[in-house]
Amino acid sequence: MNALDAMHARRSIREFTDELVPADTIHQLVTAAGRAPSSKNTQPWRLYLVQGAALDALRSDYLAAFDAKTPAKPGYPYSPNPLPEAWAARAKDVGIGIFKHKGIGRDDLDKRHAHDRENFRFFGAHQMFFLGTQASAFAYGTFLDCGFVLDNLMLGLTALGYGSCPQFSVMIYPDLLRKHIPGTEDTLFISGLPFGRPKPGSLVNEFQPARLPLDAWFQTVD
Ligand SMILES: Cc1cc2nc3c(=O)[nH]c(=O)nc-3n(C[C@H](O)[C@H](O)[C@H](O)COP(=O)(O)O)c2cc1C
C-alpha cells in the first residue's frame, strides 16, 4: 500500500478484535512515526503506549468518571467556541450521521448515551497510544509537529492492516492519565489513539463521513 492508498483507506475504527499488535510491529511503527518533521527538529512529542493491566485500570477509572458525570477538565480547548457556522453544520452532520448509520433514532437517548460511553471504554481496544507534549513549553506550532506523529501512526497502522480512532473525548480527564502514566506531571495530553485489528463485518467501522469537494478548500494561484 503506497502513501496515497493509505490516506484513502484510513478511517476511524471503533470496533476491534482481541488480536494484539505484536511488540516488534509497534516498535517499527513508532520508529517510522518518529521520522515526522518538526520545526528546528525539536521533536516536541511524547508518546505513551498503554496496554494490558494498565489499560484495564485506566479504562475502569474512565468509565467510573463518565458514569459519575465528572466535570470535564480538558488540558486545552480543541475548537473555537462557538464553531464557525459551516463547521458546526459539518459537526452536526457527522454526529447525526453516525447515529443514523448505527440505526439509533433521534430520541433514543439510552442508545446515544451508550454510543458516547464507548469513547470512555476506548472502543474496547486492547492497546492505546496517548500523544502529548511538554505542558510548560507549549506553543501552537508544537501541536502541528505532534499532529504529524499522530497522522503517521494512523496511516502506518492502516498500511499494516490495522485501524485506529483519534480521540479528543478522552482528553477531558487528563488527571486520570497522569494518575496511570508515570512521569507525566508536566505532560499536556493531546489525543488518545486506541488501535488494533478492525473487527470484520463491524457496522460502525463502515461509517465514512463525506469530504468537501476540492474546490471548497483548495485553490491554485498561478
Ligand atoms: C484529533 C481528533 C479527535 C477526535 N476525537 C474523536 C472522539 O473522541 N471520538 C470519536 O468517535 N471520534 C473522534 N474523532 C474522529 C472524527 O470524528 C473523524 O476523524 C471524522 O469524523 C472523519 O472520519 P474518519 O476519521 O472516519 O475519516 C477525532 C478525530 C480527530 C482528528
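The values are calculated or read from the model by the stated rules, or taken from the named source; none is laboratory data. As the structure is a computational prediction, the values presented were derived from the model and not from experiment. Heads up, the Cβs are rebuilt from the backbone with ideal geometry, glycines too, and the neighbour counts pull from every protein chain shown.
Considering Ala135, Ala159, the condition of being farther than 26 Å from Tyr62 by Cβ and either out of contact with any strand residue (DSSP E or B) (no Cβ under 9 Å at 6 or more places or on another chain) or surrounded by 13 or more Cβ atoms within 10 Å (Cβ to Cβ) (or both) is satisfied by Ala159 alone. Annotation note: of Leu212, Leu177, the sole residue that is away from the ligand (no atom under 12 Å from the Cβ) and either of a type in the set (Lys, Arg) or over 13 Å from the mean Cα position of the chain (by Cα) (or both) is Leu177. Filtering the stretch 133-161 to residues that are of a type outside the set (S, T, N, Q), more than 13 Å from the ligand (Cβ to nearest atom) and within 30 Å of Asp67 (Cα to Cα) leaves only Ala135.
Among the residues making up the stretch 201-222, those that are surrounded by 10 or more Cβ atoms within 10 Å (Cβ to Cβ) and polar (S, T, N, Q) are Ser202, Asn205, Gln208.
Every test in (1) within 15 Å of the ligand (Cβ to nearest atom); (2) free of Cβ contacts under 8 Å to residues at least 40 places away in the same chain; (3) closer than 21 Å to Cys146 by Cβ is passed by His8 save one, and that test is (3).
The set of residues in the stretch 45-69 being under 27 Å from Ser136 (Cβ atoms) and outside any helix (DSSP H, G or I) consists of Trp45, Arg46, Leu47, Tyr48, Leu49, Val50.
Of all the residues in the stretch 67-93, those that are under 15 Å from Phe168 (Cα atoms) and either within 12 Å of the ligand (Cβ to nearest atom) or in contact (Cβ under 8 Å) with a residue 60 or more places away in the chain (or both) number 8. Candidates Arg112, Arg106: the one that is exposed (fewer than 10 other Cβ atoms within 10 Å of the Cβ) and at pLDDT below 95 is Arg106.
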